[in-house]
Amino acid sequence: MRYVSTRDSSINITAAGSIARGLSSDGGLYTPSNLPKISTNDISRLCTTDYAGRAKTIMKLFLDEFTEAELEAYAKAAYGPDNFDHPGVAPLFKLKDRLYFLELWHGPTSAFKDMALQILPHLLTASLRKTGETKKVRILVATSGDTGKAALEGFRDVGGTEILVFYPRDGVSEMQKLQMTTQEGKNVGVCAVEGNFDDAQSGVKEIFSDVSLKQKLEDQNVFLSSANSINWGRLLPQIVYYISAYCDLINSGGIIPGESINFCVPTGNFGNILAGYLALRMGLPIHKLICASNANNVLTDFFSTGIYDRNRALIASASPSMDILISSNLERLLYYMSDGDSRAVRFYMNSLAKDGRYRIDGELVARLSTVFAAGYCDDDETKQEINSVFRSHGYLIDTHTAVASKVLSQYRKDRGDNSPCVIVSTASPYKFSGSVLSALGEMKAALSGFEQMDWLYKITGAPIPEKLNEIRTKAVRFNRTVKKEDMKKAVMDLSRLF
Ligand SMILES: *Cc1c(COP(=O)(O)O)cnc(C)c1O
């Protein structure tokens with residue numbers, strides 16, 4: 001299978017090449033030129049295996065140059081009991097009839113980013129070997145909070161790799177920051193950037209397109225790659241849990257094979273929900289993908305008007321991992337939805353870079369609405385949702401998941417579509433204890449981060465993830481902050497961070 005650039009379909013490389021490089025040199029995102037199909041029979045067969053088995057089989061469809069034995073080894077290592085504190089890896093929680101939460105936060109950093117970032121280092125180092133790359137790879141990550149920690153955990157002490165994470169100084173929760181600044185490992189670096197996530201992300205993108213910097217690094221025998229969801233190796237493992245959730249619904253009798261379901265996804269960079277779309281295109285019976293945003297509702301506007309417009313102030317919300325105005329992976333959706341029209345995609349992305357906006361035609365808007373619905377809610381509604389789900393069902397959700405839960409109830413009210421729905425639950429509530437406590441009406445001003453965690457445990461009894469609990473005893477290793485212009489210096493000189 002070949003992977004093409006979304007901005008120029010004449011550029012095409014192998015799967016290993018796309019994972020090794022991350023981003024195409026024309027700025028486009030590598031994307032499979034055609035999608036494999038899965039039948040009802042294939043799905044029935046997947047129902048009988050565990051999560052690692054499902055991951056192996058599904059990833060193999062996309063990765064010609066990898067053997068089944070290789071993929072099985074990676075999946076077993078990534079999704080084993082050392083990393084995930086639930087035997088199902090990505091279990092479904094049934095809230096009530098026709099409503100489920102897909103818990104993607106049982107990994108080492110308590111957010112869904114682990115689903116991909118635990119396996120990406122295996123895929124990436126193998127891809128480097130398969131493409132004959134001998135230079136050391138320096139992974140750059142811009143994070144709105146959760147990716148950074150998940151990437152650090154995934155790559156720590158992985159031979160032949162170094163990793164440098166940039167996070168917005170004022171844009172992450174206290175727990176997210178501590179998770180990163182206490183990171184252990186010999187090949188890791190963490191640096192705060194003045195500004196918001198979009199500043200950090202565009203800083204990293206500029207570094208990738210800086211030819212002279214790349215040359216200097218090559219002289220040091222280093223090349224750059226990315227662990228952001230622009231890398232195909234990040235997206236592919238995410239397709240697995242959509243299909244796995246469907247299998248688990250069949251196994252539990254929640255649906256019959258072939259029955260259509262909806263997924264509602266709390267969305268930022270559009271990586272998670274795009275994986276759902278790819279599962280749908282492969283043949284998974286999905287009726288609607290519901291794109292849930294917080295007050296940064298660029299995507300809600302886009303789906304209703306066809307105009308993508310980032311010219312607005314970024315709002316710091318209680319769901320910080322979704323505080324994003326440029327959703328990078330939407331580019332891949334446009335590519336597929338326009339039947340691979342890479343000229344059109346290039347045109348949209350150029351106007352986004354130049355004017356901060358673009359408009360797709362009415363026909364494409366109509367096509368999108370056959371698959372996607374979209375909605376948003378603000379912080380007050382998010383908190384009310386946490387409160388009402390907890391008070392009526394005793395089930396505790398985090399702020400990001402609550403956005404999706406709220407948007408889903410609005411969707412069901414508006415459209416009368418009561419299909420079985422899986423809400424994709426993206427973080428443990430303990431990563432955002434302060435907001436969750438305030439949602440429950442239990443916040444006290446003087447509580448520190450860990451006191452908040454303890455208090456939340458006391459009033460809800462929901463178990464605290466062990467790895468979050470352990471941070472209490474860890475020392476802060478990284479406390480450097482740079483201006484956006486100085487990110488390049490940090491990339492050139494990692495030794496000052498380690
Ligand atoms: C990253 C993240 C999201 C957004 O996912 P995208 O793939 O960027 O759309 C939602 N919730 C949490 C907790 C996250 O960490």
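The single condition among (1) surrounded by fewer than 20 Cβ atoms within 10 Å (Cβ to Cβ); (2) touching a Phe, Trp or Tyr at 6+ places or on another chain (Cβ under 9 Å) that Val158 does not meet is (2).
From the list Ser351, Ser405, Ser338, Ser409, pick out the single residue that is of a type outside the set (Lys, Arg), within 26 Å of Phe112 (Cβ to Cβ) and either touching a Ser or Thr at 6+ places or on another chain (Cβ under 7 Å) or free of Cβ contacts under 8 Å to residues at least 40 places away in the same chain (or both). First the steps, then the outcome.
Numbers: Ser351 fails: within 26 Å of Phe112 (Cβ to Cβ); Ser405 fails: either touching a Ser or Thr at 6+ places or on another chain (Cβ under 7 Å) or free of Cβ contacts under 8 Å to residues at least 40 places away in the same chain (or both); Ser338 fails: within 26 Å of Phe112 (Cβ to Cβ).
Going through Ser351, Ser405, Ser338, Ser409 in turn, just one is of a type outside the set (Lys, Arg), within 26 Å of Phe112 (Cβ to Cβ) and either touching a Ser or Thr at 6+ places or on another chain (Cβ under 7 Å) or free of Cβ contacts under 8 Å to residues at least 40 places away in the same chain (or both): Ser409.
Only a single item in (1) without any contact (Cβ under 8 Å) to a residue 24 or more places away in the chain; (2) at negative phi; (3) surrounded by fewer than 14 Cβ atoms within 10 Å (Cβ to Cβ) is not met by Trp455, and it is number (3).
Quick check: is even one residue across the range 64-84 closer than 23 Å to Gly132 by Cα, among the aromatic types (Phe, Trp, Tyr) and either open to solvent by less than 20 Å² (accessible area, probe 1.4 Å) or part of a loop (DSSP other than H, G, I, E, B) (or both)? Yes, the range 64-84 contains at least one residue that is closer than 23 Å to Gly132 by Cα, among the aromatic types (Phe, Trp, Tyr) and either open to solvent by less than 20 Å² (accessible area, probe 1.4 Å) or part of a loop (DSSP other than H, G, I, E, B) (or both). Filtering the range 313-345 to residues that are in contact with a strand residue (DSSP E or B) (Cβ under 7 Å, 6 or more places away or on another chain), more than 11 Å from the ligand (Cβ to nearest atom) and not small (Gly, Ala, Ser) leaves Glu331, Arg332, Tyr335. Within the range 411-427, being buried (at least 16 other Cβ atoms within 10 Å of the Cβ) and farther than 24 Å from Gln238 by Cβ holds for one residue alone: Arg412.
Whether a residue is in contact with a Ser or Thr (Cβ under 9 Å, 6 or more places away or on another chain), away from the ligand (no atom under 14 Å from the Cβ) and not aromatic (Phe, Trp, Tyr) was assessed, and Val389 passes this test.
On the given criteria, is Lys467 more than 15 Å from the ligand (Cβ to nearest atom), touching a Pro at 6+ places or on another chain (Cβ under 6 Å) and in a helix (DSSP H, G or I)? So Lys467 passes the test.
Report yes if Leu352 is within 16 Å of the ligand (Cβ to nearest atom) and among the hydrophobic types (A, V, I, L, M, F, W, C), otherwise no. Reasoning before the result, please.
Details: within 16 Å of the ligand (Cβ to nearest atom): no; among the hydrophobic types (A, V, I, L, M, F, W, C): yes.
When the stated conditions are applied, Leu352 does not pass them.
Test Val365 against the stated conditions and say whether it is of a type in the set (Val, Ile, Thr), modelled with pLDDT of 95 or more and open to solvent by less than 10 Å² (accessible area, probe 1.4 Å). So Val365 fails the test.
Against the test of being more than 27 Å from Leu92 (Cα to Cα) and at pLDDT 95 or above, the options Leu352, Leu333 yield a single qualifying residue, Leu352. When you look at Ser369, is it part of a helix (DSSP H, G or I) and touching a residue at least 40 places away in the same chain (Cβ under 8 Å), yes or no? Yes; evaluated as a whole, the condition is true for this residue. There is at least one residue in the range 102-117 that is farther than 20 Å from Tyr395 by Cα and part of a loop (DSSP other than H, G, I, E, B).
Gly145 meets all of the listed conditions (1) under 17 Å from Asp398 (Cβ atoms); (2) away from the ligand (no atom under 16 Å from the Cβ) but one, namely (2).
With respect to Val265, is the statement that it is within 12 Å of the ligand (Cβ to nearest atom) and open to solvent by less than 20 Å² (accessible area, probe 1.4 Å) true?
Values: within 12 Å of the ligand (Cβ to nearest atom): yes; open to solvent by less than 20 Å² (accessible area, probe 1.4 Å): yes.
So Val265 passes the test.
Ile207 passes every criterion in (1) of a type in the set (A, V, I, L, M, F, W, C); (2) open to solvent by 10 Å² or more (accessible area, probe 1.4 Å); (3) more than 16 Å from the ligand (Cβ to nearest atom) apart from (2).
Residues are listed down the side, and each one gets a yes or a no for (1) outside any loop (DSSP other than H, G, I, E, B); (2) aliphatic (A, V, I, L, M):
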{"position": "Asp199", "(1), (2)": "yes, no"}
{"position": "Ser202", "(1), (2)": "yes, no"}
{"position": "Lys216", "(1), (2)": "yes, no"}
{"position": "Ile230", "(1), (2)": "no, yes"}
{"position": "Leu236", "(1), (2)": "yes, yes"}
{"position": "Ile239", "(1), (2)": "yes, yes"}
{"position": "Tyr242", "(1), (2)": "yes, no"}
{"position": "Cys247", "(1), (2)": "yes, no"}
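Considering only the range 223-254, state which residues are open to solvent by 10 Å² or more (accessible area, probe 1.4 Å) and either over 23 Å from Lys149 (Cβ atoms) or among the basic types (Lys, Arg) (or both). Those that are open to solvent by 10 Å² or more (accessible area, probe 1.4 Å) and either over 23 Å from Lys149 (Cβ atoms) or among the basic types (Lys, Arg) (or both): Phe223, Asp248, Ile250, Asn251, Ser252, Gly253, Gly254.
Residue under question is Ala402, and the condition is that it be within 16 Å of the ligand (Cβ to nearest atom), more than 15 Å from Ile273 (Cβ to Cβ) and open to solvent by less than 10 Å² (accessible area, probe 1.4 Å); does it hold? Here the answer is yes, as Ala402 does meet what is asked. With respect to the conditions (1) modelled with pLDDT of 95 or more; (2) within 13 Å of the ligand (Cβ to nearest atom), Ile307 lacks only one, and its number is (2).
Gly340 satisfies every condition listed in (1) part of a helix (DSSP H, G or I); (2) surrounded by 15 or more Cβ atoms within 10 Å (Cβ to Cβ) except (1).
The values are calculated or read from the model by the stated rules, or taken from the named source; none is laboratory data. Predicted model only: the values in this text are computed from it and were never measured. FYI the Cβ positions are ideal-geometry reconstructions off the backbone, even for glycines, and counts take in every protein chain you see. Note: accessible area is taken over every heavy atom of the protein model, side chains too, but ligands, DNA and RNA are not part of it. Shrake-Rupley method; radii C 1.70, N 1.55, O 1.52, S 1.80 Å.
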